[in-house]
1. Scan GLU220, GLU166, GLU225 and give me the residue that is touching a His at 6+ places or on another chain (Cβ under 7 Å), among the acidic types (Asp, Glu) and farther than 20 Å from PHE139 by Cα.
2. For residues that are closer than 16 Å to VAL264 by Cβ and surrounded by fewer than 22 Cβ atoms within 10 Å (Cβ to Cβ), scanning just the stretch 202-236, find the one that is nearest to ligand 1 (Cβ to nearest atom).
3. What is the one condition in (1) within 15 Å of ligand 1 (Cβ to nearest atom); (2) surrounded by fewer than 22 Cβ atoms within 10 Å (Cβ to Cβ) that ASP309 does not satisfy?
4. Would you mind stating whether GLN259 is surrounded by fewer than 20 Cβ atoms within 10 Å (Cβ to Cβ), more than 21 Å from GLY229 (Cβ to Cβ) and away from ligand 1 (no atom under 16 Å from the Cβ)?
5. Mind listing just one residue for me: the one in the stretch 32-52 that is surrounded by fewer than 18 Cβ atoms within 10 Å (Cβ to Cβ) and not in a loop (DSSP other than H, G, I, E, B) and, of those, farthest from the chain's Cα centre (by Cα)?
6. Would you check if there is a residue in the stretch 133-148 being of a type in the set (Ser, Thr, Tyr), buried (at least 17 other Cβ atoms within 10 Å of the Cβ) and within 20 Å of VAL236 (Cα to Cα)?
7. For GLU117, work out the one condition from (1) surrounded by 17 or more Cβ atoms within 10 Å (Cβ to Cβ); (2) part of a helix (DSSP H, G or I) it doesn't fulfil.
8. When you go through TYR72, TYR104 one by one, which is the residue that is among the hydroxyl-bearing types (Ser, Thr, Tyr) and either without any contact (Cβ under 8 Å) to a residue 12 or more places away in the chain or surrounded by fewer than 19 Cβ atoms within 10 Å (Cβ to Cβ) (or both)?
Amino acid sequence: MFGCAEVVYQLLKRGARKMNKNELKQWVSALPKVELHLHIEGSLEPGLMMALADKHQLVLPYSSIEEVRSAYNFTDLQSFLNLYYLGASVLIDEDDFYQLMWAYLCKCREENTVHVEIMFDPQTHTERGIGFSVFMAGFTRAIKQAEQEWGQSCLLIMSFLRHLSEQSAIDTLDSATPFLSDIVAVGLDSGELGNPPEKFTQVFEMAGQLGLKRVAHAGEEGPPEYIWGALNALDVHRIDHGVRSIEDPDLIAHLIDSQHPLTVCPLSNTKLKVFEHMQEHNILELLDLGLMVTVNADDPSYFGGYLNDNYHALIEHLPIDKYQLRQLVENSFKASFMSEKSKQRWLENINTD
Ligand code: HPA
Ligand code: ZN
């Protein structure tokens, strides 16, 4: 893949000066970064959840922030989703959605996450009678404010809930019509097992015809066949998670060749027991094989950390070096839906040392 001079240069760069773990953490925290796999409803912190429950006089099965946190002991994806949908039930009016989005964007500013592609789950709200005009107004108010105040770059991905029917996804796409100029892509999330990508072939095709890009969760709990399904039936630009691709050598070869990005979420994967311990995570193996792997937080409030925490967990538990970290950060820019010009500008910016 590299010419001889490039190989020597890369080796020199890797060996130049070995940073210790703290130095690596500080270095990656300060780098401009991108996040591509983030569910806004999964960034709802217990403090805001309790405050909104109070505001709307809703009763939650928690009496304190500590009780909320101690409930976050998950055994699998579904055990998390049950609490995630419960938490989202406190989001009711425009200002609730504004506050949710604003809190996450302020975190991006703090962590130097300069560009984000944020997923939201319309059906989680429309099923409760809360319409697009309510949550889109709150989201876009916060996004515009962050753009104006510090130049935050932000795109929105509308995710369909895969445990619901394809007709419900089609109706959702239809309801989104007046808001499509604020949406860059469609996605697919929620319970994976038993809900293969092929179930959503038609709605993804409709989204493509509307000019929307496409991503889908696949190969988190589901088998490699679901990743093939997302690639072949849904024509996705990226796979969310995708860590189970390692079980299928033909798929690995295909992903190396096609460079379809995987948006990997290390803390999520250990919290939901996709891997028992971070030391067992396969992200470095996938990266070193040449897949377009990226690092993301998924649902930071539920999984114990935002983007920097995910990089820090890799530094703490895996034998990752500065070269591999930089590659992961670069990959996120390359895998994003930002313009080619912006990508180039950022890539030059992060390659100065
Ligand atoms: N997987 C599937 N659905 C989700 C997730 C996830 O990690 N987070 C929010 N919805
Ligand atoms: Zn996710």
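1. Sole residue among the options that is touching a His at 6+ places or on another chain (Cβ under 7 Å), among the acidic types (Asp, Glu) and farther than 20 Å from PHE139 by Cα: GLU220.
2. The qualifying residue nearest to ligand 1 (Cβ to nearest atom) is GLU221.
3. Unmet for ASP309, out of (1) within 15 Å of ligand 1 (Cβ to nearest atom); (2) surrounded by fewer than 22 Cβ atoms within 10 Å (Cβ to Cβ): (1).
4. When the stated conditions are applied, GLN259 does not pass them.
5. Pass one, the stretch 32-52, residues surrounded by fewer than 18 Cβ atoms within 10 Å (Cβ to Cβ): 32, 47, 51.
Now drop any that are not not in a loop (DSSP other than H, G, I, E, B), which leaves 47, 51.
Details: GLY47: 22, ALA51: 26 Å.
Per the criteria, the residue is ALA51.
6. no
7. (2)
8. The unique qualifying residue is TYR72.
The values are calculated or read from the model by the stated rules, or taken from the named source; none is laboratory data. Not measured: the values here are computed from a predicted model. As a convention, Cβ positions derive from the backbone with ideal geometry for all residues, glycine included, and neighbour counts pool all protein chains shown.
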